[in-house]
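Rule-based calculations on the coordinates, nothing more; no lab input. The structure presented is a predicted model; accordingly, all values stated were derived computationally and were not measured. Reconstructed Cβ throughout: ideal geometry from the backbone, glycine too, with neighbour counts over all protein chains shown.
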Amino acid sequence: MSGKLFIVATPIGNLKDITLRALEILETVDWIACEDTRHSRRLLQHFGINKPLVSLHDHNEQHKKLELIAKLQAGEKGALISDAGTPLISDPGYHLVSYLRENDVAVEPVPGPSALVTALSAAGMPTDRFTFEGFLPAKEQKRLNALQILQNETRTMIFYESPHRLMDSLSSMASIFGVERKVTVAKELTKQFERFVSGNFEEVVEQFEMNSDWVRGEFVVIVSGDSGVVSEQEDYDGLVKILLSQNLPVKQISEIVGEFYSVPKKAVYQRVLSLK
């Protein structure tokens, strides 16, 4: 008789957030698949759980899924966890779960913490409709292209970001959505230095620039949807396009438009790049 794979959510920071059901499942399965065995072993040791660990990450998932389905079809029970939060949400596991479903192997979710839901619940943004976009591309032009597609999105948008790309991503977002768009950045959720930074893009970027030590840890960026109201950015897009048609340098265009509309030249610069 076929076994079962449990998709088990684990704490995103505060270890007390683990559920009683998650602990029960982890204590009774035959093995646990995880991203980083060293990280997960520390978590399990904290709760006195000693089970065989199987490494499952982006680079070996296609191969490992064959090994794991064989174990499950032999009647074993396994659990899949990520480094933090709910597995598969911007983490490995999709290929495995999809393959198990195709082969009629039971998959059972064990719900618990998720960074995107945790951040959204306390951000003060509309929650009736939202879209999760995960991590933006690392390269600037690809990031701008991805954001351009979302420029007119009316739902609240949720992104994940790392500390070394946070400021670049906020700058790119400001250039596409406009510096007046509302944004909340949630930092180190459920941990000792948890912080929510809210305002428009200009205000939030300024706060992080004034407090460089805040740019550490893991971040969830929540952006309000397009209200349909014509923004100042759309007002100056026409002038930007005219100046681009004159083949003026990007820096010079940014200075002219920034001075004329009294908006940050850095945000205009990113916008010029996206329209070029």
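May I ask you to list the aspartates and glutamates whose Cα is less than 12 Å away from that of Lys265, ignoring any residue fewer than eight positions away on the same chain?
Glu202, Glu255
Among residues other than Gly225 whose Cβ falls under 14 Å from its Cβ, what is the net charge (Lys/Arg +1, Asp/Glu -1)?
-1
Once you charge only the Cβ atoms, +1 for Lys and Arg and -1 for Asp and Glu, what is the size of the charge dipole of the chain about its Cα centre, to the nearest 20 debye?
Computed about the Cα centre, the dipole is about 480 debye.
So, R0 is 22 Å and r is the distance between the beta-carbons of Met167 and Lys276; what FRET efficiency does that work out to, to 0.05?
About 0.55, to the nearest 0.05.
Would you mind computing, in nm to one decimal, how far apart the modelled labels at Ala138 and Arg155 are, each placed 7 Å from Cα along Cα→Cβ?
About 2.8 nm, to one decimal.
For a Förster distance of 30 Å, can you work out the FRET efficiency between the beta-carbons of Phe47 and Val107, rounded to the nearest 0.05?
Efficiency for this residue pair is about 0.85.
Rounded to the nearest Å, what's the spacing between the alpha carbon centres of the range 83-153 and the range 15-56? Just the number, please.
Here the answer is 22 Å between Cα centres.
Where Lys and Arg each count +1 and Asp and Glu each count -1, what net charge lies around Lys71 among other residues with Cβ under 10 Å from its Cβ?
That works out to -2.
Could you work out how much longer the chain between Val215 and Asn145 gets when fully extended? Use 0.36 nm per residue separation minus the Cα distance between them, nm to one decimal.
Details: separation 70, 0.36 × 70 = 25.20 nm, distance 2.45 nm.
Result: 22.7 nm gained on full extension.
Measure off 7 Å from each Cα along the Cα-to-Cβ vector at Asp17 and Phe196, then give the distance between these two points in nanometres to one decimal.
Inter-label distance under the simple model: 1.4 nm.
Would you mind computing, in nm to one decimal, how far apart the modelled labels at Gln207 and Ser227 are, each placed 7 Å from Cα along Cα→Cβ?
Between Gln207 and Ser227, the label points sit 1.8 nm apart.
Among 89-97, 139-147, 43-51, what's the highest-first ranking by average C-beta atoms within 10 angstrom per residue?
In decreasing order of mean packing, 89-97, 139-147, 43-51 become 89-97, 139-147, 43-51.
Hey, which of these cross-link pairs are over 27 Å Cα-Cα: Lys187/Lys241; Lys139/Lys276; Lys51/Lys187? Provide the component values of the computation, followed by the final result.
On the way: Lys187/Lys241 37 Å; Lys139/Lys276 16 Å; Lys51/Lys187 32 Å.
From Lys187/Lys241; Lys139/Lys276; Lys51/Lys187, over 27 Å: Lys187/Lys241; Lys51/Lys187.
Only loop residues by DSSP count here, and only those with at most 12 other Cβ atoms within 10 Å; note down the chymotrypsin sites (Phe, Trp or Tyr not before Pro) in the range 177-223 that meet that.
Phe193
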